[in-house]
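Asks: Here it is: the structure, laid out below.
The values are calculated or read from the model by the stated rules, or taken from the named source; none is laboratory data. Fair warning: this is a prediction, and the values are worked out from it, not measured in the lab. Cβ: placed from backbone, ideal geometry, glycine included. Neighbour counts: every protein chain shown.
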Amino acid sequence: MKKTVLFDRHKELNAKIVDFAGYTMPISYSSVNEEHIHVRNSVGIFDVSHMGEFEISGLNSTEFIQRLCSNDISNIEIGRAQYNCMINESGGIIDDLIVYRLETKKYLLVVNASNISKNWVWIVEKNKKFNCSISNLSDDISLLAIQGPMAESFCQNFTSENLLSLKNYSFINGEFAGCKDVIISKTGYTGSGGYEIYTPNNKALKIWDTLFSNKEYDLKPIGLAARDTLRIEMGYCLYGNDITEETSPLEANLRWITKTRTNFIGSNVIELEIQTGSKRKLVGFKLLEKSIPRNGYEIFNPEKKNIGKVTSGTFSPILKIGIGLAYIDYKYLEERIIYIRIRENFIKAEIVRPPFI
């Protein structure tokens, strides 16, 4: 198992450590509920250095990335980022990712940790006709996510850059916490606002310690468990749960980042699905009885016919109820009341539109 450069800091903070995507990562430091609520109300920091980063540059880099990605790459300006999917020839999702345009012909692709090796093989194989320069920087870059409603004012203390000028999905390369050439990106996975900090590994420890030296803000370290509950409250997809190579972006409500006119790999299959319709759809639900839904639980309609399966579920620390995401057979999407089988019980739930808060 790999360790991030901040592993010793997590141990010093008595974090609960688990194996995740080939890394030993902090799952929590206190309780998941406390960490979740802290991010919603104040400011927390996540070590997500296990994420993957690929740099692609060269004369044909824009055309190459457009072939790889489902969204319209031509819309990305320098200094902006874009949410995307990579699609296989069958229309399934290889990964969801963020594309940063660093220069006119230079991009940074940020991919899920569990898919780094798979994505690398796919990208290198598909590059043969485009002759771009591709570098895997995943082991060289640390990534810190500083999230919460106090994140903007907190982070402004550590840079002379005007963070107020940053729009969502935009970034700057500047000095942060005494370190130069740091990417400060207004992105995140919590729905509570904030920034993601990309830095070479040799600067990550200094940045971490500098941030915690500020005692005016109640900065707390947050683990991956709260990261998961936070994203579920917003209805954000998690690769491996809600999206896989067997799910299409249309099924996963990601048509808004799927521009078939750009002729990306698999676009012909997606276009056909647009014309004929999907067989299932990802929906949000909240329990109407006390229980906690989990991945894999089966879903039934009022007549107790099996109509779907839970992909993500949790107890919402904000709403104090069980919530989740699930795929439902398309012909049953009009059902508002469903039942989730939890052990031997059928728990009543209501289909709702995310985000949940």
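Asks: Of the numbered conditions (1) of a type in the set (Gly, Ala, Ser); (2) over 20 Å from Phe171 (Cβ atoms); (3) out of contact with any Asp or Glu (no Cβ under 7 Å at 6 or more places or on another chain); (4) crowded, with 21+ Cβ neighbours inside 10 Å, Ala81 fails exactly one; give the number of that condition.
Replies: Among (1) of a type in the set (Gly, Ala, Ser); (2) over 20 Å from Phe171 (Cβ atoms); (3) out of contact with any Asp or Glu (no Cβ under 7 Å at 6 or more places or on another chain); (4) crowded, with 21+ Cβ neighbours inside 10 Å, the lone unmet condition for Ala81 is (2).
Asks: So Ile270 ticks every box in (1) closer than 30 Å to Gly148 by Cα; (2) touching a Pro at 6+ places or on another chain (Cβ under 9 Å) but one. Which box is left unticked?
Replies: Only one criterion in (1) closer than 30 Å to Gly148 by Cα; (2) touching a Pro at 6+ places or on another chain (Cβ under 9 Å) is unmet by Ile270, namely (1).
Asks: Sticking with this one: Among the residues in the stretch 180-190, are any acidic (Asp, Glu) and surrounded by 15 or more Cβ atoms within 10 Å (Cβ to Cβ)?
Replies: The answer is no; no qualifying residue exists.
Asks: Quick test of your reading of the structure: Ser31 fulfils all but one of (1) under 30 Å from Asp218 (Cα atoms); (2) hydroxyl-bearing (Ser, Thr, Tyr); (3) within 19 Å of the chain's Cα centre (by Cα). Name the failing condition by number.
Replies: (3)
Asks: Please go through the stretch 19-62 and give me each residue that is more than 22 Å from Phe212 (Cβ to Cβ) and of a type in the set (Gly, Ala, Ser), ordered by number.
Replies: Result: Ala21, Gly22, Gly52, Ser57, Gly58, Ser61.
Asks: Further question on the same structure: Which of the strands (runs of 3 or more DSSP E) found entirely inside the stretch 1-115 contain at least 2 residues meeting this: without any contact (Cβ under 8 Å) to a residue 60 or more places away in the chain?
Replies: Passing ranges, in order: 16-20, 93-103, 106-111.
Asks: Now for a different question. Is at least one residue of the stretch 339-347 surrounded by 13 or more Cβ atoms within 10 Å (Cβ to Cβ), under 18 Å from Glu251 (Cα atoms), modelled with pLDDT of 95 or more and hydrophobic (A, V, I, L, M, F, W, C)?
Replies: Checked the stretch 339-347: no residue is surrounded by 13 or more Cβ atoms within 10 Å (Cβ to Cβ), under 18 Å from Glu251 (Cα atoms), modelled with pLDDT of 95 or more and hydrophobic (A, V, I, L, M, F, W, C).
Asks: For Tyr195, state whether it is touching a Gly at 6+ places or on another chain (Cβ under 9 Å), aromatic (Phe, Trp, Tyr), within 24 Å of Leu164 (Cβ to Cβ) and surrounded by 15 or more Cβ atoms within 10 Å (Cβ to Cβ).
Replies: For Tyr195, the condition - touching a Gly at 6+ places or on another chain (Cβ under 9 Å), aromatic (Phe, Trp, Tyr), within 24 Å of Leu164 (Cβ to Cβ) and surrounded by 15 or more Cβ atoms within 10 Å (Cβ to Cβ) - is met.
Asks: Can you report the number of residues in the stretch 280-293 which are assigned to a loop (DSSP other than H, G, I, E, B) and surrounded by 13 or more Cβ atoms within 10 Å (Cβ to Cβ)?
Replies: 5
Asks: Restricting attention to the stretch 128-145, and to residues there that are under 17 Å from His50 (Cα atoms) and not in a strand (DSSP E or B), which single residue is nearest to the chain's Cα centre (by Cα)?
Replies: Result: Ser138.
Asks: Restricting attention to the stretch 174-195, which residues are part of a strand (DSSP E or B) and free of Cβ contacts under 8 Å to residues at least 60 places away in the same chain?
Replies: Residues satisfying the conditions are Gly174, Glu175, Phe176, Cys179, Lys180, Asp181, Val182, Ile184, Tyr195.
Asks: Now a separate question. Checking Phe315 against (1) at pLDDT 95 or above; (2) within 26 Å of Gly277 (Cβ to Cβ); (3) not small (Gly, Ala, Ser), only one condition comes out false. Which one?
Replies: It is condition (2) that Phe315 fails.
Asks: Please find, within the stretch 299-310, the residue that is surrounded by the most Cβ atoms within 10 Å (Cβ to Cβ) out of those that are out of contact with any Gly (no Cβ under 6 Å at 6 or more places or on another chain) and in contact (Cβ under 8 Å) with a residue 40 or more places away in the chain.
Replies: Of everything passing the filter in the stretch 299-310, Phe300 is surrounded by the most Cβ atoms within 10 Å (Cβ to Cβ).
Asks: Do the conditions hold for Asn306, that is, is it of a type in the set (S, T, N, Q) and within 18 Å of Tyr327 (Cβ to Cβ)?
Replies: Taking the combined requirement at face value, the residue satisfies it.
Asks: Determine which member of the set Gly313, Gly277, Gly296 is closer than 20 Å to Pro354 by Cα, among the small types (Gly, Ala, Ser) and loosely packed, with under 15 Cβ neighbours inside 10 Å.
Replies: Gly296
Asks: Among Thr210, Thr229, Thr199, which is of a type in the set (Ser, Thr, Tyr), part of a helix (DSSP H, G or I), assigned by TED's automatic domain parsing to the domain that holds Ala15 and more than 16 Å from the chain's Cα centre (by Cα)?
Replies: None of the other options fit; the residue is Thr210.
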